[in-house]
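Visitor: I'd like to ask you about the structure that follows.
The values are calculated or read from the model by the stated rules, or taken from the named source; none is laboratory data. Fair warning: this is a prediction, and the values are worked out from it, not measured in the lab. Counting neighbours? That spans all protein chains shown, and the Cβs are built from the backbone with ideal geometry, glycine included.
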Amino acid sequence: MSQSLFTVSDFDSSFYKRLFARALEIESGAYKSPQELQSKSLGLLFFEPSSRTNWSFQKAGLDLGLRVMSTYVDEKTSLSKGESSQDTLELFINMGFDLIVTRSKFEDQLKDFFLKRTDQTFINAGFGSFAHPTQALLDAYTWSKDWSSQEAPKILILGDLKHSRVVRSHLRLASILGYQVGLCPLSGLGLEASEYEEFKPSEVFESREKALDWADIVMPLRAQKERFLSESQKSYVPKPLRADELKERHWLMHPGPITWGEDMENELMRYSKSLISQQQKSGVTCRAALISLLLEETTK
Ligand code: CP
C-alpha cells in the first residue's frame with residue numbers, strides 16, 4: 001500500500017513537521033541519503049509546462065542519489081496520435097518507477113485514476129486549478145525559517161485566484177498548519193461563492209489598501225491566461241503590485257512564473273524583503289524531504 005500526495009489534506013500536521021525538519025537537515029547537509037533509497041527510481045511525467053517544479057524535483061532526486069527520468073507529454077509522444085492521457089499515465093506507471101511525480105490539466109478521469117492507484121506512490125506536481133501541494137508546502141517552509149513572531153503569519157494572496165491551484169492549496173494547508181490567508185482577487189477573478197463551503201479564508205478584501213494593512217506576507221499571482229475561458233476573463237485589467245504600496249514589515253513572495261509589469265512592477269525585482277529566491281531554493285530541499293519520507297514509508 002502506497003501513500004501518495006494529491007492534496008495537502010492527505011497528511012496531517014505531524015507529517016509536515018517531520019517534512020520541514022527533514023528539509024532543514026537536507027539544507028544543512030546533516031541528512032545522508034541511505035543506501036536503500038539510492039537504489040530507487042523517480043519518474044516525472046508532465047502534461048503541462050513547468051520550469052521550477054520540474055527542475056527542482058529532478059534536482060531533489062539527484063541530490064538524494066536516485067535514478068531520475070523526466071519527460072513532458074508533447075507532440076513527440078503518442079498522445080499526439082490520439083492516445084488518452086489516462087493511457088499515457090498507465091503506460092508510464094508500467095515502466096516501473098518507485099515514485100511518480102506528475103502534473104496535468106484538470107481531468108476528472110485522471111484524478112479518479114490517480115486516486116485509485118494505491119499500488120503506485122505519486123506526488124501531484126500541479127493539477128489544473130485544483131491543487132499544487134508542494135508549492136504551498138515549500139512556501140510555508142520558506143517563511144517558517146524567517147518567522148520568529150509567536151503569532152501565525154498573515155498571508156495575503158492577490159490577483160487571479162479563480163484559476164489558481166496555489167491559492168486552493170494554501171487555503172487547505174492553512175487549516176492544517178494554522179496560518180491565516182487573506183484574499184484580494186482581481187475583479188472577476190475570485191473564487192466561486194460555492195467554494196467558500198470548503199475554503200475558509202481569514203479575510204476576503206475588495207480594497208487592496210485594507211488588505212495590505214492586514215498582511216504580513218504579500219503574494220501576488222500571475223493571471224493564468226492559459227486557463228481563461230470566457231471573453232470577460234480575457235479582458236481582465238492587470239493591477240501590478242507597486243513598491244510604494246508595501247510597508248516596512250511586508251515580506252514579498254511569488255510562486256512563479258512571474259509576469260513582471262502585470263503581477264508586480266519591475267521595481268520590486270530589487271525589494272529587500274523578497275523571499276522569491278529563497279522559495280526557489282526551498283523547492284529543492286522541500287521536495288527532496290518529501291521524496292525521502294514517502295519512499296521510506298513504502299520500504300517499511
Ligand atoms: N510555481 C510553479 O509551479 O512554477 P512552474 O510552473 O515553473 O513549475
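Visitor: Quick one: which helices (runs of 4 or more DSSP H) lie wholly within the range 1-111 and hold at least 1 residues that are among the aliphatic types (A, V, I, L, M), more than 23 Å from Q278 (Cβ to Cβ) and free of Cβ contacts under 8 Å to residues at least 60 places away in the same chain?
Guide: Passing ranges, in order: 85-93.
Visitor: Could you look through the range 43-53, keep only residues that are near the ligand (Cβ under 9 Å from one of its atoms) and buried (at least 20 other Cβ atoms within 10 Å of the Cβ), and pick out the one that is nearest to G96 (Cα to Cα)?
Guide: F46
Visitor: In addition: Here's a check for you: in the range 200-236, which residue that is of a type in the set (F, W, Y) and buried (at least 18 other Cβ atoms within 10 Å of the Cβ) is modelled with the highest pLDDT?
Guide: F205
Visitor: For the structure I just gave you, tell me whether A140 is within 16 Å of the ligand (Cβ to nearest atom), crowded, with 20+ Cβ neighbours inside 10 Å and over 22 Å from P238 (Cα atoms).
Guide: Against the criterion (within 16 Å of the ligand (Cβ to nearest atom), crowded, with 20+ Cβ neighbours inside 10 Å and over 22 Å from P238 (Cα atoms)), A140 qualifies.
Visitor: Taking S129 as the residue in question, decide whether it is surrounded by 16 or more Cβ atoms within 10 Å (Cβ to Cβ), assigned to a loop (DSSP other than H, G, I, E, B) and modelled with pLDDT under 95.
Guide: Spelling it out, S129 is indeed surrounded by 16 or more Cβ atoms within 10 Å (Cβ to Cβ), assigned to a loop (DSSP other than H, G, I, E, B) and modelled with pLDDT under 95.
Visitor: State the number of residues belonging to the range 160-190 that are touching a residue at least 60 places away in the same chain (Cβ under 8 Å), under 22 Å from F106 (Cβ atoms) and not in a loop (DSSP other than H, G, I, E, B).
Guide: Selection size over the range 160-190: 4.
Visitor: Moving on. Take the conditions charged (D, E, K, R) and within 16 Å of the ligand (Cβ to nearest atom) and apply them to E27. Does it pass?
Guide: no
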